[in-house]
Amino acid sequence: MNKKALSGTVTTVAVMACAIVLGVIVASLITSPIKLNLAPELSCTQMQLQSPLTINSACYDADNHEVEISLARAFNTPDIQEISFTLDSITSSAKIWRCADSCGTCSILNEGETRTYYFDTQYLSERISLTVGDCTLISRELSPCQP
């Protein structure tokens, strides 16, 4: 048996095995920070029917010039990256506040959590709407806050 020929074959197989293992390691390092979302994105209608967010209360405090809104998030809801709060007013154009986890002053509520948000505004607002992405989920009339 030719030992030189066998040695070359073993070396070739060992180098190929190392290359494959190295390729797998590099691929896992590159793709691990990237979150792969394999589930299909929900349409606006599906999102509205699922109702991931509900408004428990919404009122306008005329003394402090602020809108107070209490939200609840259901369990097993789709990932929400940002919520837009739109205040419609009689006297001025709509005011929009955006809340995202990347903001320092506002954070998205977790599944099953209830949270109250406060928005300073000088204008009497009539209605508040919640939007996730480009989908308006819910809208509600504002009532005067009870002292």
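Here are some notes:
- Taken as a whole, the condition of being in contact (Cβ under 8 Å) with a residue 40 or more places away in the chain, more than 14 Å from the chain's Cα centre (by Cα) and not in a loop (DSSP other than H, G, I, E, B) does not apply to ILE96.
- Checking each residue in the stretch 77-93 for being of a type in the set (S, T, N, Q), in a loop (DSSP other than H, G, I, E, B) and within 24 Å of GLU126 (Cα to Cα) picks out THR91, SER92, SER93.
- Subset tally (residues that are assigned to a strand (DSSP E or B) and aliphatic (A, V, I, L, M)) for the stretch 59-76: 4
- Filter result for SER89 (at pLDDT below 85 and surrounded by 14 or more Cβ atoms within 10 Å (Cβ to Cβ)): yes
- When the test is whether a residue is among the acidic types (Asp, Glu), under 18 Å from GLN48 (Cβ atoms) and within 18 Å of the chain's Cα centre (by Cα), ASP134 passes it.
- Test: residue in the stretch 44-61 that is within 18 Å of SER139 (Cα to Cα), of a type in the set (D, E, K, R) and at pLDDT 85 or above: no
- Subset of the stretch 108-145 (residues that are part of a loop (DSSP other than H, G, I, E, B), touching a strand residue (DSSP E or B) at 6+ places or on another chain (Cβ under 8 Å) and modelled with pLDDT under 85): THR121, TYR123, LEU124, GLY133
- Some residue of the stretch 72-83 being among the aromatic types (Phe, Trp, Tyr), buried (at least 16 other Cβ atoms within 10 Å of the Cβ) and assigned by TED's automatic domain parsing to the domain that holds GLN48: no
The values are calculated or read from the model by the stated rules, or taken from the named source; none is laboratory data. On a predicted model such as this, the values are computed, not experimentally measured, just so you know. Here the Cβ is made from the backbone with ideal geometry for all residues, glycine too, and neighbour counts use every protein chain on show.
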